[in-house]
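S.K.: Attaching a single structure in C-alpha cells format; questions to follow.
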Amino acid sequence: MKAGKLSEAVLKRSVLRQLHMTENQIKPAVGMDYGAIRTGETEMVVSAMATRCLGTQILPEAGVYAAVNNLLCSGARPLGVMVQFLLPTAYTENGLRELVAAVDAACVKEELLVLGGHTEVVRSVAEPVITVTALGATEAGKLKSAAAAEPGMDILVTKSVGLEGTALLAMQRESELAERYALPFIDKAKTFAGYLSVRSEAAVAIKSGVAAMHDLSEGGVFGALWELGQCSGVGLEIDLKKIPIRQETVEICEYFDLNPYKLLSGGSILMAAKDGNALAHAIRQAGAEAVVIGKATAGNDRIIYNAEESRYLETTQTDELWKLEK
C-alpha cells in the first residue's frame, strides 16, 4: 500500500466494515475523526490516533494538536492525552528528551494533562514515530458532527490552508529553499508552526451557529472538503479563489512542484453554517480568521470553480508531502 492515509475504498472495505457497533457509540465513518460513547449525561470523546513520523527538525507537537483539534471540532472539552513513542535503535536519550519536552510544552499551552503512554525502542522503525490519543467530554447531545452539513449551508475555512505543511517544508528543506529565497522569507514560513491550535475559532463557532466542523490535516483542504461531503452526503460548490492561502505557501509549493490545496493543513477548520457570513464575522471579532468559500448543495457533485473553469473534486488523495519522501 502507498504511504500516507489509506484510500477511502480500502478504509471502508478493510477497516470500517470489520467493526462491530453498539447503541451507545458514534458510528465510525469517513470524515469522522473522533469516537464517542455515551455514559449517562456525558459523551466521552476520544480522537482518532494522530500519528506523525518524525525526521530531524520536525514538529513533535503536531501530533498533540492533530489529536486535540479533532476533539475541539466535535465540540468536546479536551482533558488529556496519551502519548506513545516508538524509537529506532540509533536514537539517543537526549533526542527522546527533546521530543518529550516539545510534546509537554504543547500540552501546557493547551492546558492538557499527559495521562500516560508508552515508550519503546523498535528495530523495525527507521525514524521516531509519535502517536497521540486525546480524551475529552461534553454533555450528551451536544456533539458536533462532520455529518451535519445540509444543502444550502455556507462552507467556511479558518486561518489559511497549508500552514503546517509549509512550516515543515521550511524547516526540513531550508538549505534548498535558501538557494532561491531570502532568509526572512523562510523564517516567516517557519512561524506558521505556531498556528496549529484551533481552540479559539472552534469555541466561537460552537456559540455562533456552526452546524458541522472538520479539521484540515493530511490531504489538505481538498481532502477535507471531500470528507465533509461524504460524511454529510452533500454536494459542494467551492470557489478556489476564495480559499485563503499565504504567499509563502504558494511559492514554496511551486518550488517543490506540490499542490498547496492537497498539503498538510493542521490549524485550519472547515465549517458548515446556515449563515456563514455571520459566523465568519463572529470569528473575526474574536481575533481569528474565517472566510466563506462556497456552499453545500443537494446531490453528490462536488465542484471546484476557478474563474471560468470548473472541475470535479477527487476522492481524498495522499498528502503532497509524501511526494518528497520517494
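The values are calculated or read from the model by the stated rules, or taken from the named source; none is laboratory data. For clarity, every value in this text was computed on a predicted model and none was experimentally measured. Don't worry about glycine lacking a Cβ; one is built from the backbone with ideal geometry, like all the others, and counts go over all protein chains shown. Remember, those area values only see protein heavy atoms, side chains included, never the ligands or the DNA or RNA. Shrake-Rupley method; radii C 1.70, N 1.55, O 1.52, S 1.80 Å.
S.K.: Give the residue that is nearest to ASN300 (Cα to Cα), with candidates limited to residues of the stretch 241-267 that are open to solvent by less than 30 Å² (accessible area, probe 1.4 Å), among the hydrophobic types (A, V, I, L, M, F, W, C) and not in a loop (DSSP other than H, G, I, E, B).
M.R.: Only one residue fits best here, namely CYS253.
S.K.: Okay, next question. Write out, first by first residue and then by second, each pair whose Cβ atoms fall under 8 Å of each other, whose residues are 6+ apart or on separate chains, and whose first residue, in the stretch 58-79, is surrounded by fewer than 24 Cβ atoms within 10 Å (Cβ to Cβ) while the second is among the basic types (Lys, Arg).
M.R.: Going by the 8 Å Cβ cut-off, the qualifying pairs are ILE58/ARG52; LEU59/ARG52; PRO60/ARG52; GLY75/LYS142; GLY75/LYS144.
S.K.: Follow-up question, since we're still on this one. Given the conditions (1) under 22 Å from GLU164 (Cα atoms); (2) at pLDDT below 70, report the number of the one that SER74 does not fulfil.
M.R.: If we test SER74 against (1) under 22 Å from GLU164 (Cα atoms); (2) at pLDDT below 70, just (2) comes out false.
S.K.: Among the residues of the stretch 130-156, count how many are of a type outside the set (Gly, Ala, Ser) and in contact with a Pro (Cβ under 9 Å, 6 or more places away or on another chain).
M.R.: Residues in the stretch 130-156 being of a type outside the set (Gly, Ala, Ser) and in contact with a Pro (Cβ under 9 Å, 6 or more places away or on another chain): 2 in total.
S.K.: Restricting the search to the stretch 286-323, which residues are in contact (Cβ under 8 Å) with a residue 40 or more places away in the chain and over 22 Å from the mean Cα position of the chain (by Cα)?
M.R.: Correct list: THR297, ALA298, GLY299, ASN300, ASP301, TYR305, ASN306, ALA307.
S.K.: Would you be able to tell me the number of residues in the stretch 254-275 that are in contact with a strand residue (DSSP E or B) (Cβ under 9 Å, 6 or more places away or on another chain), closer than 22 Å to GLU176 by Cβ and among the hydrophobic types (A, V, I, L, M, F, W, C)?
M.R.: Total meeting the criteria: 1.
S.K.: When you go through THR133, THR138, THR119 one by one, which is the residue that is in a strand (DSSP E or B), open to solvent by 50 Å² or more (accessible area, probe 1.4 Å) and among the polar types (S, T, N, Q)?
M.R.: Exactly one of THR133, THR138, THR119 is in a strand (DSSP E or B), open to solvent by 50 Å² or more (accessible area, probe 1.4 Å) and among the polar types (S, T, N, Q), namely THR119.
S.K.: Does the stretch 277-318 hold any residues that are open to solvent by less than 30 Å² (accessible area, probe 1.4 Å) and assigned to a loop (DSSP other than H, G, I, E, B), and which are they?
M.R.: Residues satisfying the conditions are ALA288, LEU313, THR316.
S.K.: Which of the residues spanning the stretch 162-183 are farther than 26 Å from ALA66 by Cα, small (Gly, Ala, Ser) and assigned to a helix (DSSP H, G or I)?
M.R.: SER175
S.K.: Out of the stretch 92-103, which residues are more than 20 Å from the chain's Cα centre (by Cα) and either surrounded by fewer than 17 Cβ atoms within 10 Å (Cβ to Cβ) or among the β-branched types (Val, Ile, Thr) (or both)?
M.R.: THR92, GLU93, ASN94, GLY95, LEU96, ARG97, GLU98, VAL100, ALA101
S.K.: Then there is this: Based on what the data block shows, is TYR261 over 22 Å from SER145 (Cα atoms) and touching a residue at least 60 places away in the same chain (Cβ under 8 Å)?
M.R.: Yes; evaluated as a whole, the condition is true for this residue.
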